[in-house]
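A.B. asks: Below you will find the structure I want to go over with you.
The values are calculated or read from the model by the stated rules, or taken from the named source; none is laboratory data. None of these values were measured; they are calculated from a predicted model. No Cβ is skipped: glycine too gets one built from the backbone with ideal geometry, and neighbour counts run over all protein chains shown. For accessibility, only protein heavy atoms count, side chains too; no ligands or nucleic acids. Shrake-Rupley method; radii C 1.70, N 1.55, O 1.52, S 1.80 Å.
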Amino acid sequence: FHDDIAIFTDFAGLVKFCVRMAAAAALGGVLGWQRQTAGKNAGPRTHMLVALSTAFIPLVCLESGFEREQLSRVMQGLLTGIGFI
């Protein structure tokens, strides 16, 4: 189990993870704010959650030891889901 969460074994890995998540949330929030000001339904919270999950899932899969082909399938699923939203 310890090898599955290798990113959290050191402080630098944790900081890198947190920076990536904060950047995803910020960019999703900016996109949501722009859409809200344009009068669209989905606002900042929705876009922040979508951006966070889109950044979180591949990062966890990558750190869990997924092969490149398996990670490609995860990304295909995410893109299909985002397209549905």
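A.B. asks: Within the range 50-67, how many residues turn out to be open to solvent by 70 Å² or more (accessible area, probe 1.4 Å) and of a type in the set (A, V, I, L, M)?
C.D. replies: Residues that pass the stated criteria total 1.
A.B. asks: Pick from the range 31-49 the residues that are part of a helix (DSSP H, G or I) and open to solvent by less than 40 Å² (accessible area, probe 1.4 Å): which of them is nearest to Lys16 (Cα to Cα)?
C.D. replies: His47
A.B. asks: Could you give every pair whose Cβ atoms fall below 6 Å, whose first residue belongs to the range 32-53 and is on the phi > 0 side of the Ramachandran plot, and whose second residue is of a type outside the set (Ser, Thr, Tyr) and loosely packed, with under 12 Cβ neighbours inside 10 Å, counting only separations of at least 6 or pairs across chains?
C.D. replies: none
A.B. asks: Considering the range 68-85 alone, what residues qualify as being open to solvent by 90 Å² or more (accessible area, probe 1.4 Å) and either of a type in the set (Val, Ile, Thr) or in contact with a helix residue (DSSP H, G or I) (Cβ under 8 Å, 6 or more places away or on another chain) (or both)?
C.D. replies: Thr80, Ile85
A.B. asks: What pairs can you find where one residue is in the range 71-85 and closer than 14 Å to Val60 by Cβ, the other is part of a helix (DSSP H, G or I) and polar (S, T, N, Q), and their Cβ atoms are less than 9 Å apart, with a gap of 6+ or different chains?
C.D. replies: Listed pairs, sorted by first residue: Leu78/Ser53; Leu78/Thr54.
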